[in-house]
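Visitor: I'd like to ask you about the structure that follows.
None of the figures in this text is laboratory data; all of them are computed from the coordinates on show. Since we're looking at a predicted model, the values are computed, not measured. Note that each Cβ is placed from the backbone with ideal geometry, even for glycine, and that neighbours are counted across all protein chains shown.
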């Protein structure tokens, strides 16, 4: 029998290039080695692991029982994180598989086995039919049970905004994820589903609103999702900074079955997502603020991540 999860949190965090220090063949990770351009050493890795563990542990409420992560190089470094205090005081298990991403960064999940019952999982491989050389991160579909109720958690890290043509890639990923969600909903119309991730698009972009069918209103049908980041986005808040502007690209979404006041049992407190942005996580200079990066280009600045974590609380 699993423990009751009330007042615990579900977290998503892009941890900014959590690499080990080894140059792996077939992966563009040579910069993240002691002799590479970023001079990535064991001491720097150890500091980052401690900073990330303490950040996750500091999220309000009781501790996080499920943590979706992106920009994790491999299983080894993810295991190092869950074995780092204070995360090591909990019974976290890890789901991770290597993706075809050129930089070797993956999505994974840590879940507390005392509260979360594992049922199944699979990774969705994304193919781009117009160019087979394009590689991106897999999407993780995790079927679990919390408080005795089944929940699908889908963890995403969509193609970056580095080029003008990147929107086409994100639209394509959105369609692929949508097709998978439709399969799940067709088989289990009453199932609860939570999406989380770094979508590299904001709540009003076509990839999310049109192709994934995620709305900024709670007035949704059984196929659609409500974007818990909508109110924060409308208020001008964000989770990372690009060209001096805050962007809301790290988001959590829920289907109608998971909306509070629309169901009995497991739900998200007040249907709200929160950004965890204490002073340790944010850098201030001359009236400008941004997440406290680990690197600025190739210059090591010793921060935690270039994204802020987001979370929801369970009721």
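Visitor: GNM, the chain, Cα, under 10 Å: largest mean-square fluctuation among 83, 260, 187?
Guide: Most flexible of the set in this elastic network: 187.
Visitor: Starting from the Cα of residue 91, step 7 Å along the direction of its Cβ; do the same at residue 122; then give the gap between the two resulting points in nm.
Guide: 2.9 nm
Visitor: Starting from the 7 Å offset along Cα-to-Cβ, what nm value, one decimal, do you get for the label separation of residue 231 and residue 1?
Guide: Output for this residue pair reads 3.5 nm.
Visitor: Express in nm, to one decimal, how much length is gained between residue 83 and residue 315 on full extension, taking 0.36 nm for each residue of separation and deducting their alpha carbon distance. Please report the intermediate quantities before stating the final value.
Guide: Details: separation 232, 0.36 × 232 = 83.52 nm, distance 2.78 nm.
Extra length available between residue 83 and residue 315 comes to 80.7 nm.
Visitor: To continue, here is another question. Out of all DSSP beta bridges in segment 9-313, what portion is antiparallel? Express it as a percent rounded to 5. Kindly include the intermediate steps, with their values, before the conclusion.
Guide: On the way: 49 of 65 bridges.
Here the antiparallel bridges make up roughly 75 percent for segment 9-313.
Visitor: Report, to the nearest 10°, how far helix 166-187 tilts away from the longest principal axis of the Cα atoms in the chain, using its own Cα long axis and a range of 0 to 90°.
Guide: 40 degrees
Visitor: When the helix-only estimate is applied to the chain (DSSP H runs of n ≥ 4, each -39,500 (n - 2.57), divided by the residue count), what is the mean residue ellipticity at 222 nm, nearest 500 deg cm²/dmol?
Guide: On the way: 4 runs with 51 residues, N = 315.
It comes out at -5000 deg cm²/dmol, rounded to the nearest 500.
Visitor: I would also like to ask the following. Using Cβ counts within 10 Å as a stand-in for footprinting exposure, how do 266, 225 rank, fewest first?
Guide: Working: 266 20, 225 23.
With the fewest neighbours first, 266, 225 line up as 266, 225.
Visitor: Between residue 54 and residue 160, how many nm apart are label points set 7 Å from Cα along the C-beta direction?
Guide: 2.8 nm
Visitor: Shape call for segment 82-185 from the C-alpha gyration tensor, a ≥ b ≥ c root eigenvalues: rounded (a/c under 1.5), prolate (a/b greater than b/c) or oblate?
Guide: On the way: a/c = 2.86, a/b = 1.62, b/c = 1.77.
In terms of gyration-tensor shape, oblate.
Visitor: Taking neighbour counts of Cβ atoms within 10 Å as a proxy for exposure, in what order, fewest first, do 218, 169 appear?
Guide: On the way: 218 15, 169 22.
By the 10 Å Cβ count, ascending: 218, 169.
Visitor: At R0 = 30 Å, how high is the FRET efficiency between residue 210 and residue 269 if r is their beta carbon distance? Nearest 0.05 is fine.
Guide: 0.55
Visitor: Of the DSSP beta bridges with both residues in segment 1-127, give the percent that are antiparallel, rounding to the nearest 5.
Guide: Values: 11 of 18 bridges.
Around 60 percent of the beta bridges assigned by DSSP in segment 1-127 are antiparallel ones.
Visitor: A further question on this structure: Can you give the extra length, in nm with one decimal, that the chain gains between residue 191 and residue 134 once fully stretched, where that is 0.36 nm per residue apart less the Cα-Cα distance? Intermediate values should be presented prior to the final figure.
Guide: Working: separation 57, 0.36 × 57 = 20.52 nm, distance 3.31 nm.
Length gained between residue 191 and residue 134: 17.2 nm.
Visitor: Using the Cα gyration tensor of the chain, with a ≥ b ≥ c the square roots of its eigenvalues, what is the shape: rounded (a/c below 1.5), prolate (a/b larger than b/c) or oblate (neither)?
Guide: Numbers: a/c = 1.41, a/b = 1.26, b/c = 1.12.
In terms of gyration-tensor shape, rounded.
Visitor: So if we plug the beta-carbon distance of residue 47 and residue 22 into 1/(1 + (r/R0)^6) with R0 = 30 Å, what FRET efficiency do we get, rounded to 0.05?
Guide: Details: r = 18 Å, r/R0 = 0.59.
After rounding to 0.05, the efficiency reads 0.95.
Visitor: If we count other beta carbons within 10 Å of each Cβ, what is the order of 143, 97, fewest first?
Guide: Values: 143 17, 97 14.
Ranked by crowding around the Cβ, least crowded first: 97, 143.
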